[in-house]
Each structure stands twice: as C-alpha cells, then as structure tokens.
Amino acid sequence: MDRLSRPLWSVAGILYCILMSTSTAGAQDQPSLLGRWEGEIQLPGTPLAIEVEFGLDEDALSGSISIPVEGAFDLPLDQIQRDAHDVAFRMADAPGEPRFRGRMADDGDSIHGDFRQNGQTFGFRLDRTAVGPREDRSQTAGADETEQD
C-alpha cells in the first residue's frame with residue numbers, strides 16, 4: 001500500500017502546482033489600476049475634463065479626482081472596486097452621489113463606462129498618463145490660500 005500511495009501523492013502534488021501557477025498567472029496578467037488617469041465626462045454640449053489618481057492606503061485601494069475647470073482638486077474617492085477589468089468608484093460625500101462604473105481595456109491603458117449623478121447617466125473615458133510627481137496645485141488653487149506653519 002505504501003508503494004501505491006507515493007505515486008498518487010506525486011500526481012496530486014504536480015496537479016496542485018499546475019493549478020496554483022495558472023491561478024496566479026491570471027492575477028499577474030491583470031493590468032494595474034494604480035497611477036494617474038486623465039479623461040472626460042461626456043456631458044451634453046461640452047466634455048468635462050477630469051483627472052483621477054489611484055493608489056494604495058494600507059493595502060486598500062484609495063483615490064482622488066480633480067475637476068480643474070471647477071477649481072476642484074484632489075477630492076476623495078471611496079467605494080473603489082476592481083474585479084478583473086471592471087472598475088467602480090464614487091466621489092465621497094458629494095451631492096447627487098456621483099458614481100463611475102467602467103471597464104478597463106485589455107491593454108490597461110484606458111477605462112470607459114458610465115458616470116451617474118442625480119439620476120442622470122453620461123459616458124466617461126479615462127486614459128492612463130505617465131506616472132510621475134504630482135503637480136503642485138497651490139499655484140492654481142487661488143491666491144488667498146496660504147500655507148500655515
């Protein structure tokens with residue numbers, strides 16, 4: 001009986017290794033959401049430019065959104081969800097519960113989907129931008145804002 005159990009354990013070990021390597025390979029092939037994205041919400045008449053940044057905060061996804069034309073910078077995002085190529089997030093504590101739900105392209109360079117606020121739905125698109133240091137927004141935020149020591 002001992003001679004029969006050895007080959008079975010060997011086969012089981014090989015199958016386990018194959019299953020583990022294929023399941024982790026899929027996760028490694030998934031494009032990262034982390035980084036900076038620029039795009040627009042397709043409002044009627046004129047698109048609204050947006051900038052989104054995703055990062056990690058204690059191993060949980062975090063993010064912020066900026067809407068330069070409105071003078072709104074680094075507004076927090078919450079309920080950030082990622083499932084394979086599906087992406088969802090919302091603007092935290094914003095009126096009208098603005099939510100984004102989209103799909104990341106297979107190459108990981110763009111996200112497109114629906115933006116919903118106050119019962120209305122508009123398309124949106126984000127394109128990945130080069131990762132680099134964040135721009136200093138203090139020059140564009142307004143002259144009356146000063147740093148306090």
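Things worth noting here:
Here's the yes/no breakdown for (1) of a type in the set (D, E, K, R); (2) loosely packed, with under 11 Cβ neighbours inside 10 Å; (3) closer than 23 Å to Thr129 by Cβ; (4) modelled with pLDDT of 55 or more:
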residue: Leu4; (1), (2), (3), (4): no, yes, no, no
residue: Cys17; (1), (2), (3), (4): no, yes, no, no
residue: Gly26; (1), (2), (3), (4): no, yes, no, no
residue: Trp37; (1), (2), (3), (4): no, no, yes, yes
residue: Glu53; (1), (2), (3), (4): yes, no, yes, yes
residue: Ser66; (1), (2), (3), (4): no, no, yes, yes
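- In segment 67-88, the residues that are free of Cβ contacts under 8 Å to residues at least 60 places away in the same chain and of a type outside the set (Ser, Thr, Tyr) form Cβ pairs under 6 Å with partners that are assigned to a loop (DSSP other than H, G, I, E, B) and open to solvent by less than 40 Å² (accessible area, probe 1.4 Å), at six or more places apart or across chains, as follows: Pro76/Ala92; Asp78/Ala92; Arg82/Leu33.
- Exclusive hit being modelled with pLDDT under 95, surrounded by 15 or more Cβ atoms within 10 Å (Cβ to Cβ), in a strand (DSSP E or B) and not small (Gly, Ala, Ser), set Leu77, Leu61: Leu61
The values are calculated or read from the model by the stated rules, or taken from the named source; none is laboratory data. All figures in this text were calculated on a predicted structure; none of them were measured in a lab. Backbone-built Cβ (ideal geometry, glycine too); neighbour counts: all protein chains shown. Heads up: the accessible areas ignore ligands, DNA and RNA and are worked out on the full protein's heavy atoms, side chains in. Shrake-Rupley method; radii C 1.70, N 1.55, O 1.52, S 1.80 Å.
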